[in-house]
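These notes are about the structure you will find just below.
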Amino acid sequence: MTSSDMDYLTIALPKGKLFAPSAEMLAKVGCTAEDLSENSRKLVITNEKEKLHFIITKTADLPTYIEYGAADIGIIGKDVLLEEEKDLYELLDLRFGLCRMMVAVPEALKREKLSDYAHMRVATKYPRIAESFFHSMGIQMEFIKLNGSIELAPMVGLAEIIVDLVETGRTLKANNLLEVATIQPVTARFIANRVSFKLKFDRINRITEELRTLLEGVVIP
Ligand code: PRP
């Protein structure tokens, strides 16, 4: 199975919070498969009738599958696109999965201005986004890349500051962290491989337009 098979369209979906709403939205435009489940042991799930393959990937890896054409289209958060900087088309803002990238510090470390944190250590899953944000503010920091549970870092002295996603704010609150700057809002995006977009234009364009129609009138909460 490769996406160079012109008869099939390969769709990449990310594991985690975006999986269910992504699968649900694609199902509404006719892209689904009987055994499509995040917990499937099968890594490629096929709908023979509709000539669709689904692959389920680790979130951070999804843009790589798209960039190399291992999948034709997919859904992923803008956070991952900004961090991974892959060469692909971002076709639509799907307006779900809303959260924001932000800077937070332990309550006890709160300072007046962002520049008062200069030269401190920033723990993050998103070093590129974090570096670019502090660089744009002219503030030099030290960055420590982690793969998850970022809120732990300031509690155990690994870093003073974190850059992370916040959705409800519950994790920050539970760990006595305060948001001190918002970097940018983040939502799910519909993306495509550049070559697939040309070679499989009719199919991809039809799905894009149907998704666009679904989104009409949807306002980000
Ligand atoms: C994300 C994010 C925060 C949390 C924010 O983590 O990194 O930790 O969700 O959500 P909240 O504002 O609703 O509390 P995720 O659950 O994806 O796991 P991770 O910490 O392993 O990245």
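Of note:
- Options 52, 18, 26, 62: the member that is open to solvent by less than 20 Å² (accessible area, probe 1.4 Å), within 16 Å of the ligand (Cβ to nearest atom) and outside the structural domain of residue 150 (by TED's automatic domain parsing): 62
- Out of 153, 159, one residue alone is open to solvent by less than 20 Å² (accessible area, probe 1.4 Å), assigned to a loop (DSSP other than H, G, I, E, B) and under 11 Å from residue 106 (Cα atoms). It is 159.
- Listed conditions (1) over 18 Å from the mean Cα position of the chain (by Cα); (2) within 9 Å of the ligand (Cβ to nearest atom); (3) of a type in the set (D, E, K, R) are all met by residue 194, apart from (2).
- Filtered residues of the stretch 154-183 (kept if over 19 Å from the mean Cα position of the chain (by Cα) and within 13 Å of residue 103 (Cα to Cα)): 154, 159, 160, 161, 172, 177, 178, 179, 180, 181
- Filter pass, residue 96 being of a type in the set (Phe, Trp, Tyr), out of contact with any Phe, Trp or Tyr (no Cβ under 9 Å at 6 or more places or on another chain) and within 22 Å of residue 185 (Cα to Cα): yes
- Within the stretch 103-146, the set of residues being touching a Pro at 6+ places or on another chain (Cβ under 7 Å) and among the acidic types (Asp, Glu) is empty.
- The stretch 192-209, subset open to solvent by 70 Å² or more (accessible area, probe 1.4 Å) and touching a residue at least 60 places away in the same chain (Cβ under 8 Å), residue nearest to residue 62 (Cα to Cα): 194
- Some residue of the stretch 198-207 being aliphatic (A, V, I, L, M) and within 16 Å of the ligand (Cβ to nearest atom): no
The values are calculated or read from the model by the stated rules, or taken from the named source; none is laboratory data. Keep in mind that this is a model prediction, so the values were computed, not measured. With ideal geometry, Cβ positions are generated from the backbone for all residues, glycine too; neighbour counts draw on all protein chains shown. These area figures cover heavy atoms from the full protein model, side chains too; ligands, DNA and RNA do not enter into them. Shrake-Rupley method; radii C 1.70, N 1.55, O 1.52, S 1.80 Å.
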